[in-house]
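One structure below.
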Amino acid sequence: MARSTVSYTLAIALVLGRASLAGQLPPGMSRSVLVDNASVLVTHLGYAAGKGEASHTHPFSAVVVQLTPGDVDMTIGSEHSRSRRDVGTVWFIPANVPHAAINAGATMFEQVAVAIKPDRPAAPSSPPTDPPPGITRTPLLDNQDARVVRVQFAPGAREPTHAHPNDLVTVQLTEGKVQILLGSETTTDSRPPGFVRFVARGQQHAYGNVDTKVFELMSVTIK
């Protein structure tokens with residue numbers, strides 16, 4: 001399959017709902033675009049009780065992060081599971097593999113999906129590093145497309161200013177007052193669960209907890 005700009009843009013639009021030539025978004029589901037650039041398309045997904053997707057495929061891989069608790073019926077290829085999923089549960093969906101997510105519970109749940117564009121600029125590999133004091137990293141996934149790490153910041157914990165050779169997407173899992181240095185800009189805000197930030201490869205950045213409680217985020221490295 002040719003990896004042209006037209007082909008992957010159309011495929012992503014059909015699947016993730018920016019536009020649709022195959023019909024409307026299934027009833028009871030919502031999608032909103034959070035980030036769209038040369039490397040990723042990040043969307044916020046909402047599933048009403050009993051609602052979900054029909055089985056489908058797409059020519060790109062994706063990381064899906066559970067944002068609120070819910071009873072998730074998930075099929076990826078030949079693997080099927082149906083269970084209560086907590087905040088921070090992660091699935092990896094390979095390119096061209098049939099999959100579907102359905103809300104099997106009685107209340108709505110939310111997810112964030114990071115679609116990894118297949119003709120993104122190549123990036124060199126970047127091995128994991130040791131965390132600074134007060135920061136705990138729990139690796140969840142590491143393959144040829146992405147590395148996913150759950151990161152916990154104790155009150156007052158901060159990263160030193162640094163950069164990565166890979167693009168990075170962070171997804172806030174719990175509310176917290178977070179200071180983010182990105183390039184020459186520093187912002188300090190109380191950020192809600194689901195807040196997403198894209199950090200471009202080579203960009204100087206640092207995250208810090210300026211709250212009185214722990215906060216957690218998901219770090220998705222794009223390879």
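All of the numbers you see were taken from the coordinates with simple rules; none came from a lab. These numbers were taken from a predicted model, which means no experiment stands behind them. Glycine also receives a Cβ, built like all others from the backbone with ideal geometry; neighbour counts cover every protein chain displayed.
Some notes on this structure:
- Within a straight-line Cα-Cα reach of under 26 Å, Lys223 can be paired with the following lysines, leaving aside sequence neighbours fewer than 8 residues apart in one chain: Lys117.
- Electrostatic dipole magnitude of the chain [Cβ: Lys, Arg +1; Asp, Glu -1; Cα centre; debye, to 20]: 140 debye
- Dimensions (Å) - the range 130-223, Cα atoms, principal axes, largest first: 37, 29, 25
- Rg [Å, one decimal], Dmax [Å, integer] - the chain, C-alpha atoms: 17.4, 51
- Straight-distance crosslink candidates among aspartates and glutamates, where the alpha carbon sits under 20 Å from Lys177 and sequence neighbours closer than 8 are dropped: Glu159, Glu185, Asp189, Asp211, Glu216
- Of Met74, Met29, the sequence from fewest to most neighbouring Cβ atoms within 10 angstrom is Met29, Met74.
- Ranking of Arg82, Arg197 by neighbouring Cβ atoms within 10 Å, starting from the fewest: Arg82, Arg197.
- Cα-centre dipole for the range 135-222 with unit charges at Cβ (Lys and Arg positive, Asp and Glu negative), debye to 20: 120 debye
- Extents of the range 73-153, largest first, come to 41, 35, 19 Å (Cα atoms, principal axes, whole angstrom).
- When Thr75, Thr161 are sorted by how many other C-beta atoms sit within 10 angstrom of their C-beta, beginning with the fewest, the order is Thr161, Thr75.
- Helix axis angle, 5-16 relative to the chain longest principal axis, alpha carbon, degrees: 80 degrees
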